[in-house]
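A.B. asks: Have a look at this one.
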């Protein structure tokens, strides 16, 4: 196990965004965080990455509670729909990550080709389309050295071909041991790509496991139905 989260909660004044969220992340897996809009997915990622302070909760690895500096060394967060260093060209951003964050220089050309970034290298990030920015953000994340990547909506803004190419690229990096924790709105995308799942609804974890494990959990609640896919399981448990 790479790390575990225990009892993470977050409130915004009168609104409870996360309540006693607990789960574990295995080394080298592709873990899907799925739930509807407003479930708390982005808030959870922001709390894990330290962008937002949580009200309670602990991140542990090998039984040891991690300090903020140790969490930064463990996790890198790739948010959705931002344009970092908007005035700078794409090649500058990638080289900056390699130089400032001690990124994987040896993977630079491979990642550029995997994400089809060569035609964009001299364009300013602020001028890119949403899908193009998404590919640049993913490249930035893949260049970093943290063992776990938190990626918010990796397929948002991409057409079918781009989404399939990026899924192939991400899977190749997972095969090398990189842990990918993906927040995905579309359950069908998550079902095709992820090894295990965390179901989040109204800020609470409703289930964790493989499709088979989650189907068994749903069947334990209602044995009269045969749960065939992740969508049916999700609806049953949330």
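A.B. asks: Can you tell me how many residues in region 200-212 are part of a helix (DSSP H, G or I) and either at pLDDT 95 or above or out of contact with any strand residue (DSSP E or B) (no Cβ under 8 Å at 6 or more places or on another chain) (or both)?
C.D. replies: Residues that pass the stated criteria total 1.
A.B. asks: Considering only residues that are touching a strand residue (DSSP E or B) at 6+ places or on another chain (Cβ under 7 Å), assigned to a helix (DSSP H, G or I) and surrounded by fewer than 23 Cβ atoms within 10 Å (Cβ to Cβ), which ones fall in region 42-61?
C.D. replies: 42, 43, 49
A.B. asks: Show the residue pairs that are 6+ apart or on different chains and have beta-carbon atoms under 6 Å apart, the first residue being within region 114-132 and without any contact (Cβ under 8 Å) to a residue 12 or more places away in the chain, the second being surrounded by 14 or more Cβ atoms within 10 Å (Cβ to Cβ) and outside any loop (DSSP other than H, G, I, E, B).
C.D. replies: That search, which allows pairs on different chains as well, returns 118/112.
A.B. asks: So, in region 181-199, of the ones that are surrounded by 23 or more Cβ atoms within 10 Å (Cβ to Cβ) and in contact with a helix residue (DSSP H, G or I) (Cβ under 6 Å, 6 or more places away or on another chain), which residue ends up farthest from residue 231 (Cα to Cα)?
C.D. replies: Restricting to residues being surrounded by 23 or more Cβ atoms within 10 Å (Cβ to Cβ) and in contact with a helix residue (DSSP H, G or I) (Cβ under 6 Å, 6 or more places away or on another chain), the top hit is 183.
A.B. asks: Scan 145, 161, 171 and give me the residue that is assigned to a loop (DSSP other than H, G, I, E, B) and over 14 Å from residue 80 (Cα atoms).
C.D. replies: Residue meeting the stated conditions: 145.
A.B. asks: Specify the residue that is nearest to residue 195 (Cα to Cα); the eligible residues are those in region 1-10 that are outside any loop (DSSP other than H, G, I, E, B) and out of contact with any helix residue (DSSP H, G or I) (no Cβ under 8 Å at 6 or more places or on another chain).
C.D. replies: Among those that are outside any loop (DSSP other than H, G, I, E, B) and out of contact with any helix residue (DSSP H, G or I) (no Cβ under 8 Å at 6 or more places or on another chain), it is 4.
A.B. asks: Restricting to region 11-40, name every residue that is more than 24 Å from residue 210 (Cβ to Cβ) and either touching a helix residue (DSSP H, G or I) at 6+ places or on another chain (Cβ under 7 Å) or surrounded by fewer than 14 Cβ atoms within 10 Å (Cβ to Cβ) (or both).
C.D. replies: Within region 11-40, 12, 13, 14, 15, 17, 37, 38 qualify.
A.B. asks: Count, please, the residues in region 75-91 that happen to be surrounded by fewer than 20 Cβ atoms within 10 Å (Cβ to Cβ), without any contact (Cβ under 8 Å) to a residue 60 or more places away in the chain and outside any strand (DSSP E or B).
C.D. replies: 8
A.B. asks: All but one of (1) touching a residue at least 40 places away in the same chain (Cβ under 8 Å); (2) in a helix (DSSP H, G or I); (3) surrounded by fewer than 19 Cβ atoms within 10 Å (Cβ to Cβ); (4) touching a strand residue (DSSP E or B) at 6+ places or on another chain (Cβ under 7 Å) hold for residue 234; which doesn't?
C.D. replies: Residue 234 satisfies all of (1) touching a residue at least 40 places away in the same chain (Cβ under 8 Å); (2) in a helix (DSSP H, G or I); (3) surrounded by fewer than 19 Cβ atoms within 10 Å (Cβ to Cβ); (4) touching a strand residue (DSSP E or B) at 6+ places or on another chain (Cβ under 7 Å) except (3).
The values are calculated or read from the model by the stated rules, or taken from the named source; none is laboratory data. For clarity, every value in this text was computed on a predicted model and none was experimentally measured. Note that each Cβ is placed from the backbone with ideal geometry, even for glycine, and that neighbours are counted across all protein chains shown.
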